[in-house]
Amino acid sequence: RKNWAAYADAEFDITKSILIAGAVRVENYSDFGWTDNYKLATKLKLNNNLSFRGSWSTGFRAPSLPQAYFSSTFTNVVAGQIFDQVIAPNTSLLATEVGIPRLKEERSNNFSIGFVAKIAKKFNLTVDAYQIKVKDRIVLTGLFDTGDDQIGTILQSLNVGAAQFFTNAVDTKTNGVDVIATYGGNLGSGKLNLTLAANFNDIKVQAVHTTPQLAGKEEIYFGV
């Protein structure tokens, strides 16, 4: 794999109280092509003790090389019958025959909003709420075997008893909150610094996308 990227960002103080920032990144991978991502952020300072901030950005994750090219074969014997159980790479004949496409990047949309507050002279609090939507997450499917009514005969013709595939199959949404409280002060002849951090997340699978040949088999395609 070869890749290259270019990145640029800028920040502007519109007023003494308003900051606006933006960024753009373009990247090219030899095995799946181009991707471009953006970010916009702003900060509003109400006074020396309270500021609000928010951001929107897109993101991506390239398929890892093992996800794209890993393969394995286990030979099993069940009831006197010998068969191969495989994890087939997306570049293989088997993946092509059953309609598994080449992997592409996972893409995300990210939103956040929060505040930074100085509650007291030595006590600071930050709270940020966020939402992350990821499209086309890469997962390893469950096992499809020769008894499958759609691709069973294809597996048999290639002398494969059961197969799994890496594929862009799942869309997820994560809602969360980050809370960080810090306190710093003197303690005798030394200093005391305390930090309390908490994170709360709720992750939901919004959709499971199968290939046309395996439509209706979402529970096997993405087993939970």
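I'd like to know which of W4, L46, W56 lies farthest towards the positive end of the charge dipole of the chain, counting +1 on Cβ of Lys and Arg and -1 on Cβ of Asp and Glu.
Sorting the options by dipole projection puts first L46.
With N set to the number of residues, divide the alpha-carbon radius of gyration of the range 97-224 by 2.2 N^0.38 Å and report two decimals.
Working: Rg = 24.0 Å, N = 128, 2.2 N^0.38 = 13.9 Å.
Compared with the compact-globule rule of thumb, the range 97-224 sits at 1.73.
Using a Gaussian network model on the chain with a 10 Å cutoff between Cα atoms, which of P89, P66, P101 fluctuates the most?
Looking only at P89, P66, P101, the largest GNM fluctuation is found for P66.
Could you go through the range 85-94 in sequence order and give the Karplus-derived ³J(HN,Hα) for each residue, using 6.51 cos²θ - 1.76 cosθ + 1.60 with θ = phi - 60°, rounded to whole Hz, and x for Gly and Pro?
Karplus-based 3J(HN,Hα) across the range 85-94 equals 10, 10, 9, 9, x, 5, 8, 7, 4, 4 Hz.
5 Å is the cut-off here: which amide hydrogens, built 1.01 Å from N in the peptide plane, fall below it relative to G142, excluding neighbours closer than 5 in sequence?
Amide H neighbours of G142, under 5 Å, 5+ apart: Y221, F222, G223.
Using 0.36 nm per residue of separation minus the Cα-Cα distance, give me the extension gain between V177 and N48 in nm, one decimal. Can you show the working numbers first?
Details: separation 129, 0.36 × 129 = 46.44 nm, distance 2.38 nm.
Full extension of this stretch gives 44.1 nm more.
What FRET efficiency do you get for Q150 and A6 if R0 is 45 Å and r is their Cβ-Cβ distance, rounded to the nearest 0.05?
According to the calculation, E is roughly 0.55.
Would you please give the residues with an amide H less than 5 Å from that of K104, counting only those at least 5 places away or on a separate chain, with H modeled from the backbone geometry?
Result for K104 returns N168.
For a quick check, take a GNM of the chain with Cα springs below 10 Å and name the residue from L46, L194, L158 with the largest mean-square fluctuation.
For the chain, modelled as a Gaussian network with Cα springs under 10 Å, the answer is L194.
Select from the range 8-71 those chymotrypsin sites (Phe, Trp or Tyr not before Pro) which occupy a DSSP coil region and have at most 15 other Cβ atoms within 10 Å, ordered by residue number.
Working: sites: F12, Y29, F32, W34, Y38, F52, W56, F60, Y69, F70; in loops: F32, F70.
Passing both the DSSP loop test and the Cβ count: F70.
When the chain is fully extended, how far beyond the present Cα-Cα distance does I14 get from T75, taking 0.36 nm per residue of separation?
Additional length available on full extension: 15.4 nm.
Hey, what do the phi angles of the range 57-62 turn into as Karplus ³J(HN,Hα) couplings, whole Hz, using 6.51/-1.76/1.60 and θ = phi - 60°, x for Gly and Pro?
For the range 57-62, the Karplus-derived couplings read 8, 10, x, 8, 9, 6 Hz, x marking Gly and Pro.
Got a sec? Charge dipole of the chain, +1 on Cβ for Lys and Arg, -1 for Asp and Glu; which of F74, V177, G114 is way out at the positive end?
Of the listed residues, the answer is G114.
Which of K2/K39; K43/K135; K135/K217; K2/K135; K45/K118; K16/K133 have a Cα-Cα distance over 22 Å? Walk me through the numbers before you get to the answer.
Details: K2/K39 25 Å; K43/K135 28 Å; K135/K217 19 Å; K2/K135 24 Å; K45/K118 12 Å; K16/K133 33 Å.
Listed pairs above 22 Å: K2/K39; K43/K135; K2/K135; K16/K133.
What percentage of the solvent-accessible surface of the range 1-137, computed with a 1.4 Å probe over protein heavy atoms, is contributed by carbon and sulfur atoms?
Working: 5100 of 8710 Å².
In the range 1-137, the share of accessible area belonging to carbon and sulfur is 59 percent.
The values are calculated or read from the model by the stated rules, or taken from the named source; none is laboratory data. Values in this document were obtained by computation on a predicted structure and should not be read as measured data. Cβ sites come from the backbone with ideal geometry, for glycine too, and all protein chains shown count toward neighbours. Note: areas computed on protein heavy atoms with side chains; ligands, DNA, RNA excluded. Shrake-Rupley method; radii C 1.70, N 1.55, O 1.52, S 1.80 Å.
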